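Each reported figure results from applying straightforward, stated rules to the coordinates on display, with no laboratory input. Quantities reported herein were computed from a predicted structural model and do not represent experimental measurements. Cβ sites come from the backbone with ideal geometry, for glycine too, and all protein chains shown count toward neighbours.
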Amino acid sequence: MLSMKKRYLILLGFFLTSTFLFATAQVPDILLYNGVEYALIVNPMEHYFNEFPEKRPQMPHTALWRGYVATFEIIDNELWVIDIKGFESEFIEGRYTSRYVSIINEILDGRDRMKIEWFNGLLVLPYGNRINYVHMGYASTYEHYIILEIHNGLFLRELNMDYRQFTEFRERQFVLFKQTEDYRNFIERNIRQDQTEEDFDNFLRIFLVDFLERIYE
């Protein structure tokens, strides 16, 4: 299970590397929900690969820094990984060809799926027309959002919002998070001399919802 400290270290890493790795758009993980594919910002399999680094595929290019693309699905109110793809290149008839191939059996020691029991957090699923880009192009705004709250891999609830409701929800979560000891600890541990609390706040307002362990109420 990801600890609060670990989740915010991941968030910090996302923040600090965004001007470098994320200058190249990353291939997202996928969630199948009610028969529809959604792109994810968070990567629930990272906990697994941090526990078993020898199983992590190598980074094939700058658009796939984590080395794989995972597909998840909510099955009987549980979060499962149902496929993991790696990037394979072959030299055929004088030229290289590349493709994504399933490596889930290799990664999971012969299994073709696994429950993600360690994940606590929110899965934000945007859909509808894209409205505009924000924060240097790393996030988009959409007409509608589905938010799934997950605890220990179990689906708890679903929230449906339009863009205005989502921005209000996101701001409310930020305001409530700022009132917690976790916020102050995060700032004190990670702020650099060339950064201000306002810098962190501007980032958190946009991305915090994707890295929260739960909905603050």
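Which of the peptides 143-155, 195-207 is most tightly packed, and how do the rest follow, judged by the mean count of other Cβ atoms within 10 Å per residue?
On the way: 143-155: 17.7, 195-207: 14.8.
Averaged packing, sorted descending, gives the order 143-155, 195-207.
Test of understanding: ordering 81, 101 by Cβ neighbours within 10 Å, fewest first, what list do you get? Show your work: numbers first, answer last.
Values: 81 22, 101 8.
Lowest count first: 101, 81.
Taking the Cα centre of region 170-217 as origin, sum charge times position over the Cβ atoms of Lys and Arg (+1) and Asp and Glu (-1), and report the length of that vector in debye to the nearest 20. Walk me through the numbers before you get to the answer.
On the way: 8 positive and 12 negative charges, 23 e Å.
My answer is approximately 100 debye.
So which aspartates and glutamates pass the test for residue 178, namely a Cα distance under 18 Å, with those fewer than 8 places away in the same chain ruled out?
Of all the aspartates and glutamates, those that pass the test against residue 178 - Cα under 18 Å, at least 8 places apart if same chain - are 168, 188, 197, 198, 199, 201, 210, 213, 217.
Under the definition of Cα pairs under 8 Å and six or more residues apart, what whole-number percent is the relative contact order of region 41-111? Let's see the in-between values first.
On the way: 82 pairs, mean separation 13.6, N = 71.
Result for region 41-111 is 19 percent.
Using a Förster distance of 25 Å, how high is the FRET efficiency between residue 160 and residue 76, based on the Cβ-Cβ distance and rounded to 0.05?
Efficiency, from the Cβ-Cβ distance: 0.75.
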